[in-house]
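Enquirer: Handing you a structure now.
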Amino acid sequence: MSRTLNAPVELVWEVWTNPEHIANWWGPNGFTNTISKMDVQKGGDWDLVMHGPDGADYVNKSVFEEVVRHKKIVYRHISWPSFTSTIEFDAQGEQTHINWHMLFESAEQFIEVVKKHGAVEGLKQNIAKLEAYLAGMKA
């Protein structure tokens, strides 16, 4: 998924890499987050619990595989479902273009996550929440 955000890359990077910020916009609509660890460097852990609107908790464990300041974040989601996410940041003056790519272990797993858990719609909502959060910071 790609999107051009109305914020400079420094701000977009900050809200992506600071757990105090990302906890405020991460996840689909209706979810809140508790981040116990977010060590944004190669080999660093990201421990996150997403609290669903249904009261269920979803434990997420990831490991950062590549971090290039203001350019790229790659993390491997090691709890189910296992996938690798790559987010690329392209500074465009006062805007930032992001490309967000998720690679699953198999086509079957991808289909299950998309159909059963609404992953595509969830990612769209996640980006919309990021945009709204950024707009609130600039206001």
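Read the figures in this text as sums done on the coordinates, not as results from a lab. Quantities reported herein were computed from a predicted structural model and do not represent experimental measurements. A quick note on method: Cβ atoms are made from the backbone with ideal geometry, for glycine too, and the neighbour counts reach across all protein chains shown.
Enquirer: Which loop GluC sites (Glu not before Pro) in the stretch 53-134, with loop taken from DSSP, have no more than 15 other Cβ atoms within 10 angstrom of their Cβ? It would help to have the intermediate numbers written out before the result.
Expert: Numbers: sites: Glu65, Glu66, Glu88, Glu94, Glu105, Glu108, Glu112, Glu121, Glu131; in loops: Glu94, Glu105.
Answer in residue order: Glu94, Glu105.
Enquirer: Then there's this: Could you work out the relative contact order of the chain? I mean the mean sequence separation of Cα pairs under 8 Å and 6+ apart, divided by the number of residues, in percent.
Expert: So the answer I get is 26 percent.
Enquirer: What FRET efficiency, computed as 1/(1 + (r/R0)^6) with R0 = 35 Å and r the Cβ-Cβ distance, is obtained for Ser106 and Met137, rounded to the nearest 0.05?
Expert: Efficiency, from the Cβ-Cβ distance: 0.35.
Enquirer: Can you grab the distance from the C-alpha centre of the stretch 1-66 to the C-alpha centre of the stretch 79-108, Å, no decimals?
Expert: 13
Enquirer: Out of every Cα-Cα pair in the stretch 83-132, what percent are more than 12 Å apart?
Expert: When every Cα pair of the stretch 83-132 is considered, 71 percent fall beyond 12 Å.
Enquirer: For semi-axes √(5λ) of the Cα gyration tensor in Å, one of (i) 26, 18, 15; (ii) 22, 17, 16; (iii) 36, 14, 11 was computed from the structure I shared and the rest are decoys. Which label?
Expert: (ii)
Enquirer: Quick one: dipole size for the chain, taken about the Cα centre, charges +1 on Lys/Arg Cβ and -1 on Asp/Glu Cβ, in debye to the nearest 20.
Expert: 140
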